[in-house]
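Participant: I'd like to ask some things about the structure below.
Read-outs throughout are calculated quantities, based only on the coordinates presented, and are distinct from any laboratory measurement. Keep in mind the model is a prediction, meaning the values are calculated, not measured. Here the Cβ positions follow ideal geometry from the backbone for every residue, glycine too, while neighbour counts run over all protein chains shown.
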Amino acid sequence: MDGIYVTAGSAEDIKNKIEAVWNYVSTMNLKQLVLTAGLVIGPVQGAVNVLDVGKSADWQVSNSNGSITTKGSFPSQVHLDLMENGLIEDPYYGDNVYNYRWICYDDWKYSGRFREPIDKDKNVKSHLMFKGLDTFANITLCGRHVGNTENMFRQYIFDVSDIVKSCNEDEPSLEIEFAAAPVVANEIANRPETQHWPEDTNVNMEMENVFYIRKEQNDFGWDWGGAFAPSGPWKPGYLVQTKDHELYETNALVDVYRKGQLSNLRPDQGQPWVVNVSIEFLGDLPKDAELHVGIDNLFDPVKLEGVQVEDQIITGALVLNCEPELWWPNQLGEQKLYNLTASIKHDGDTLLDVHRQTGFRTIYLNMEEVTKEEQESQGTIPGTHWHFEINGHPFFAKGSNMIPFDSFWPRVTRERVEYLFESARVGNQVMLRVWSSGTYLPDFVYEIADQKGLLLWSEFQLSDGMYPTTDELLDNLSEEAHYNVRRVNHHPSLALWSGGNELESLSLRHAMETVPKNASLYQAQFEKVQLETLLPIVWKNTRSISFTPASTTNGYLSINHKSSPHWVERYDNATEGEMYGNTELYNYDSTQSFNYSIYPLGRFNNEFGYHSMPSIHTWRQVLNESSLEFNSSMVHAHNRHYPPRQPERNYTLGLKGMGEMTMAVGNWLPTPDKDDQIENFAAWCYATQVFQASFYRSQISVYRRSSGMPERTLGSLYWQLEDIWQGPTWAGIEYDGRWKVLHYGAKDIYEPVIVAPYVNVSESKDIDLYVTSDLWDEAKGNATYVWLDWSGKEISSSTVEFQVGAVNSTKIAHIPEKDIPKDKKNSVLTMEIEVTGTRPNIKEKQTFRHTNYYHPVSLRDAKLKDPKIEIKYDSHSKEFVVSSQAVAPWTWLDLPDGVHGHFSDNGFLLLPGVDKRLSFSHNIGGWSSNVTVMSIYDLSTK
Ligand code: BMA
């Protein structure tokens with residue numbers, strides 16, 4: 001072969017394609033590789049003339065009174081441009097969240113001039129296509145009004161043919177004026193006709209009324225991030241010019257499903273696959289145009305029959321007569337992806353090629369009734385299920401909830417998301433919930449999830465509130481839903497469409513309970529949005545993805561695809577003795593954190609958590625040394641739990657949240673008391689993280705064990721995977737990717753087969769040991785559990801053999817309280833299992849190991865010994881080696897400032913006499929000698 005020719009569209013697209021070519025080329029045994037690049041700006045689809053408005057003009061940003069004018073970028077947001085040009089510091093630094101609040105209360109104008117003339121030929125049709133404008137934009141081209149936008153989640157397309165043809169400017173001007181979103185939201189809220197709900201139905205964070213507008217809700221503040229309410233062209237924009245039969249793709253749906261499949265109904269795995277393709281386009285489609293579809297390595301392009309054309313959408317489907325390799329999520333098999341090309345053809349000419357990478361899988365949210373057979377064979381409590389099934393297999397969904405990666409989306413890079421998702425993947429996570437509100441994720445994020453096997457439970461961007469049911473808002477919402485449902489449907493990682501966050505379990509319930517006489521009105525409003533607006537859009541556009549009206553629900557009473565009502569929601573319509581739906585837990589009374597009776601038992605736990613501090617290294621990114629104190633006002637300024645609910649400066653708002661962390665440490669761990677302020681601060685950060693990790697591990701152990709209990713729990717998604725900024729939050733991964741103790745702790749307790757201790761303190765002090773397995777076949781193993789004193793001396797030891805069923809748990813030992821060593825303060829129970837089993841979709845047997853431990857009194861009260869931990873770096877094996885002289889709980893290797901990567905393990909129990917060897921995920925630099933190590937013993941000097 002002497003050449004590879006690649007055509008690409010956006011910069012992102014070009015980058016992806018270059019990566020793909022590079023991957024391909026690197027598989028070839030080449031002696032020499034000559035790269036030549038011809039960059040063609042303009043015609044990227046057929047001969048269509050496409051100008052990327054960001055790159056074709058020099059942009060300026062100015063505020064409403066013209067006192068600020070600076071260079072702009074596109075895509076971008078005002079804060080980023082001001083920062084780039086040195087007019088402001090990083091908005092995350094110190095208390096800039098308050099200092100820069102003026103930015104979001106001003107109106108901003110982005111103006112640019114196309115450097116080259118645009119085609120004014122009378123036969124040319126011109127459209128401005130904006131992939132995302134945040135949020136209230138007034139667009140002017142060549143001095144003439146183009147249109148307005150009011151939804152950051154939608155793509156807007158404007159026909160500007162007439163404006164372009166009559167434009168007399170040599171360098172045509174494009175101006176986009178963004179109105180201050182918080183001002184607009186308040187103005188809408190104050191209109192006489194605006195709907196309102198009982199107080200506290202809608203969660204107002206720092207700024208109010210965000211639920212009246214279609215903008216990312218956490219832009220107005222949330223309990224883990226500041227309110228910046230940015231504005232600007234946050235996604236690219238294009239000027240698209242077509243003539244004759246030239247076509248340009250504006251969106252495309254690819255739906256892969258089993259023949260006969262419908263959303264929310266169990267797919268029949270015996271049916272052949274169907275591929276449905278539906279392309280939205282600009283341009284005039286010739287009457288007898290054809291739609292062809294091919295999939296690389298599966299079948300050559302074939303012409304589809306029965307193709308339909310409606311408005312600017314062409315749709316056709318194909319039943320496959322071959323069995324492709326399936327796509328499986330992380331831990332459950334391989335992530336096989338296929339490249340699909342759909343072409344619109346006419347007279348033998350290709351008018352448009354559409355490329356999508358997709359995969360073959362069914363993902364089904366099972367909310368069906370628990371059958372008699374399931375009740376009898378598994379002892380499952382009657383009622384309804386609430387779990388996912390992949391390619392016909394129920395599985396335990398291990399994972400977490402995701403929040404936006406940054407308050408400023410344009411600075412989110414592919415590398416950052418790749419690192420984050422790789423952390424989730426190696427953290428043994430299978431599913432991430434794309435929490436609303438947030439935004440709909442960009443395609444590249446789904447792409448990374450496809451590759452890493454992370455299922456993305458996705459949501460419509462509605463959160464913690466009731467929403468207006470005016471035609472205006474519902475139309476706007478419908479457009480947004482239609483666009484996004486179709487845009488991301490081809491990704492095999494897409495797992496669900498949920499109507500939004502806590503809408504039913506919190507907001508609707510609150511409204512109905514607060515003003516009972518309006519209960520049926522509120523219920524009707526909820527159903528208008530969820531069941532009459534969003535559900536039909538999902539069901540009409542995709543057969544492969546299930547819908548649920550809210551993140552936490554009791555499921556449906558009935559569903560019906562053929563006639564209305566399509567969905568009858570169960571709400572609280574319960575039969576005694578039955579169990580339904582999914583659950584959440586937030587309890588900040590840390591005295592109760594390890595009392596299982598507060599843990600909700602249900603079919604799936606989709607949110608639970610407690611906040612902790614980020615590390616001192618992360619704090620250093622935004623605070624000066626004098627503010628590195630647990631209760632400094634600057635630390636408080638970054639603590640949004642609980643949010644101020646007013647936009648003014650508030651340096652004491654963190655008090656309650658800080659107090660909760662202080663009490664949690666005080667209840668369970670030695671209180672840090674170092675003389676040195678910085679050391680003490682670092683110790684506090686670590687201590688809050690240890691409490692957080694131990695609370696989550698306790699809950700995850702219980703929820704996972706419940707896969708083998710009558711509740712048959714099949715999911716645990718903790719709150720939250722990652723941070724949006726540097727602050728005390730529920731995250732397991734800090735803003736720059738640094739793993740907290742939680743992420744290591746979750747990785748361990750999300751291993752496929754685990755052993756864990758269970759003490760139901762509300763009942764007795766007896767200890768039960770259980771093994772829980774996610775494997776899809778029965779596995780066999782043996783366990784050793786040993787009582788030690790804290791110096792590491794053995795008190796007693798036992799072994800046991802066991803079998804554990806598929807996606808199930810089994811009790812392997814019961815230790816009555818009388819068998820716990822007398823000196824409870826000086827004893828720790830360690831347990832270790834070795835299990836032989838097979839991973840799903842892998843035939844070879846494998847050995848799974850897991851260790852865990854239990855101490856009968858808290859670490860605060862335990863008689864810990866000085867472990868005198870030592871750390872060495874072995875440059876031959878590229879491993880860190882730690883050893884101790886006593887049992888060291890939560891041994892923590894601390895990476896210096898700025899180092900990117902993670903250890904193979906961390907936050908573990910270190911036993912004396914053992915050289916624990918740890919590898920590192922990335923290259924190890926000169927910093928290896930700056931890694932420090934500590935454990936709980938080191939918290940207190942007394
Ligand atoms: C739940 C979530 C989020 C919130 C988190 C922590 O309510 O859905 O809205 O950030 O708890 O409070």
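Participant: Rg(Cα) of segment 283-417 divided by 2.2 N^0.38 Å?
Facilitator: Its radius of gyration relative to the 2.2 N^0.38 Å reference: 1.50.
Participant: Please give the FRET efficiency for GLU801 paired with ASP673, using the beta carbon to beta carbon distance and R0 = 51 Å, rounded to the nearest 0.05.
Facilitator: 0.65
Participant: What is segment 222-289 by shape, rounded, prolate or oblate, if you read a ≥ b ≥ c off the alpha carbon gyration tensor as root eigenvalues and call it rounded for a/c under 1.5, prolate for a/b larger than b/c, and oblate otherwise?
Facilitator: Cα axes put segment 222-289 in the oblate bin.
Participant: For segment 70-157, what does the equivalent ellipsoid look like in terms of its semi-axes, each the square root of 5 times an eigenvalue of the Cα gyration tensor, given largest first in whole Å?
Facilitator: Rounded to whole Å, the semi-axes are 31, 15, 11.
Participant: Between segment 738-798 and segment 206-281, what is the separation of their alpha carbon centroids in Å?
Facilitator: Cα centres, segment 738-798 to segment 206-281: 42 Å.
Participant: Another question, then. Rounded to whole Hz and in sequence order, give me ³J(HN,Hα) for segment 793-810 from the Karplus expression 6.51 cos²θ - 1.76 cosθ + 1.60, θ = phi - 60°, writing x for Gly and Pro.
Facilitator: 6, 6, 9, 7, 8, 9, 10, 8, 9, 8, 10, 10, x, 5, 6, 7, 9, 8
Participant: Against the longest principal axis of the chain, how steep is helix 677-705, in degrees 0 to 90 to the nearest 10, with axes from Cα atoms?
Facilitator: For helix 677-705, the angle is close to 90 degrees.
Participant: Under a plain spin-label model, where a point goes 7 Å from the Cα along Cα-to-Cβ, how far apart in nm are ASN138 and GLU870?
Facilitator: Using points 7 Å along Cα→Cβ, the separation is 7.3 nm.
Participant: Sort 922-929, 95-102, 345-352 by the packing proxy (mean of other Cβ within 10 Å over each peptide's residues), most packed first.
Facilitator: Order by mean packing, descending: 95-102, 345-352, 922-929.
Participant: Quick check: Cα centre of segment 668-700 to Cα centre of segment 876-942, how many Å?
Facilitator: 16 Å
Participant: Something else about it: Can you give the FRET efficiency for SER858 and GLU418, using 1/(1 + (r/R0)^6), R0 = 51 Å, r = Cβ-Cβ distance, to the nearest 0.05?
Facilitator: 0.85
Participant: Still on this structure, please answer the following. Can you give the local net charge around TRP59? Use residues other than it whose beta-carbon is closer than 14 angstrom to its beta-carbon, Lys and Arg +1, Asp and Glu -1.
Facilitator: After counting each charged neighbour, the total is -2.
Participant: Evaluate the Kirkwood expression for the hydrodynamic radius of segment 620-751, namely the inverse of the mean inverse distance over all pairs of different C-alpha atoms, and round to one decimal in Å.
Facilitator: Taking the inverse mean of 1/r over all distinct Cα pairs, segment 620-751 comes out at 16.2 Å.
Participant: Roughly how large, in nm² to one decimal, is the mean projection of the convex hull of the alpha-carbon atoms in segment 51-238?
Facilitator: Mean shadow area of the hull around the Cα atoms is 12.0 nm².
Participant: For segment 473-520, what does the alpha-carbon gyration tensor say about shape, rounded, prolate or oblate, given a ≥ b ≥ c as the root eigenvalues, a/c under 1.5 as rounded, and a/b over b/c as prolate?
Facilitator: oblate
Participant: To the nearest 10 degrees, how steep is helix 655-668 against the longest Cα principal axis of the chain, on a 0 to 90 scale?
Facilitator: Computed tilt is about 30 degrees.
Participant: Can I ask one more? Once phi is turned into θ = phi - 60°, what whole-Hz ³J(HN,Hα) does the Karplus curve with 6.51, -1.76 and 1.60 give for every residue of segment 154-171, x standing for Gly and Pro?
Facilitator: Each residue's phi maps through the Karplus curve to give 9, 8, 10, 10, 10, 7, 10, 4, 5, 4, 5, 4, 9, 6, 9, 7, 5, 10 Hz.
Participant: Please compute the Kirkwood hydrodynamic radius of segment 751-863 from all pairs of different C-alpha atoms, in Å with one decimal.
Facilitator: The Cα-based Kirkwood calculation yields 14.8 Å.
Participant: Work out, step by step, the length gained on full extension between ASP311 and THR470: first 0.36 nm times the residue separation, then minus their alpha carbon distance; give nm to one decimal.
Facilitator: Difference between extended and current length: 54.7 nm.
Participant: Follow-up question, since we're still on this one. Listing THR384, THR194, THR70 from the residue with the fewest other Cβ atoms within 10 Å to the one with the most, what is the order?
Facilitator: Ascending Cβ contact count within 10 Å gives the list THR194, THR70, THR384.
Participant: Helix 519-529 sits at what angle to the longest principal axis of the chain, using alpha carbons and giving 0 to 90 degrees rounded to 10?
Facilitator: Approximately 60 degrees, to the nearest 10.
Participant: Rounded to the nearest 20 debye, what is the charge dipole size of the chain about its Cα centre when +1 sits on each Lys and Arg Cβ and -1 on each Asp and Glu Cβ?
Facilitator: Dipole magnitude for the chain comes out near 1700 debye.
Participant: Now, a different point. In Å, what Rg and Dmax follow from the Cα atoms of segment 394-449?
Facilitator: Over segment 394-449's Cα set, Rg and Dmax evaluate to 11.6, 38 Å.
Participant: Taking the Cα centre of segment 654-702 as origin and charging only Cβ (+1 Lys, Arg; -1 Asp, Glu), how large is the dipole, in debye to the nearest 20?
Facilitator: 280 debye
Participant: May I ask for the distance between the Cα centers of segment 321-347 and segment 523-595, given as a whole number of Å?
Facilitator: Their Cα centres are 31 Å away from one another.
Participant: Can you put ARG603, ARG645 in order, fewest other beta carbons within 10 Å first?
Facilitator: Taking fewest neighbouring Cβ atoms as first place, the list is ARG645, ARG603.
Participant: Moving on. So what J values fall out for segment 490-495 if you push phi through Karplus, 6.51 cos²θ - 1.76 cosθ + 1.60 with θ = phi - 60°, rounded to Hz, Gly and Pro as x?
Facilitator: Karplus-based 3J(HN,Hα) across segment 490-495 equals 6, 6, x, 6, 5, 10 Hz.
Participant: What Kirkwood Rh does the chain have if only Cα atoms enter the pairwise 1/r average? Answer in Å.
Facilitator: Evaluated on the chain, it is 29.7 Å.
Participant: Can you give the helix-only mean residue ellipticity at 222 nm for the chain, where every DSSP H stretch with n ≥ 4 adds -39500 (n - 2.57) and the sum goes over all residues, rounded to the nearest 500 deg cm²/dmol?
Facilitator: -5500 deg cm²/dmol
Participant: Further, regarding this structure: In µm²/s, what is D for segment 454-533 at 4 °C and 1.567 mPa s, where D = kT/(6 pi eta Rh) by Stokes-Einstein and Rh is the Kirkwood radius from Cα pairs?
Facilitator: 95 µm²/s
Participant: State whether segment 836-908 is rounded, prolate or oblate according to the following rule on the C-alpha gyration tensor (a ≥ b ≥ c being the square roots of its eigenvalues): a/c under 1.5 gives rounded; otherwise a/b larger than b/c gives prolate, and the remaining case gives oblate.
Facilitator: It is oblate, given that a/c is not under 1.5 and a/b is not larger than b/c.
Participant: Viscosity 1.567 mPa s, temperature 4 °C: what is the translational diffusion coefficient of segment 870-939 from Stokes-Einstein with a Kirkwood Rh over Cα pairs, rounded to a whole number of µm²/s?
Facilitator: Translational D for this selection: 105 µm²/s.
Participant: Considering amide H positions built from the backbone, and no H for Pro or chain starts, which residues 5 or more places from GLU169, or on another chain, come under 5 Å of its amide H?
Facilitator: none
Participant: So, one more: Can you give the three extents of the C-alpha atoms in segment 792-942 along their principal axes, from longest to shortest, in whole Å?
Facilitator: 51, 48, 23
Participant: Now for a different question. Could you pull out every residue, at least 5 positions away or on a different chain, whose amide H is within less than 5 Å of the one on ARG258? Hs are placed 1.01 Å off N in the peptide plane, and Pro or chain starts have none.
Facilitator: Excluding prolines and chain starts, which carry no amide H, the hits are VAL274.
Participant: THR548's amide H: which non-local residues (gap 5+, or another chain) put their own amide H closer than 5 Å, with H modeled 1.01 Å from N in plane and none for Pro or chain starts?
Facilitator: Sorted by chain and number, the residues that satisfy this are TRP497, SER498, GLY499.
Participant: Semi-axes of the equivalent ellipsoid for segment 364-477, please: Cα gyration tensor eigenvalues, times 5, square-rooted, ordered largest first, whole Å.
Facilitator: 31, 23, 11
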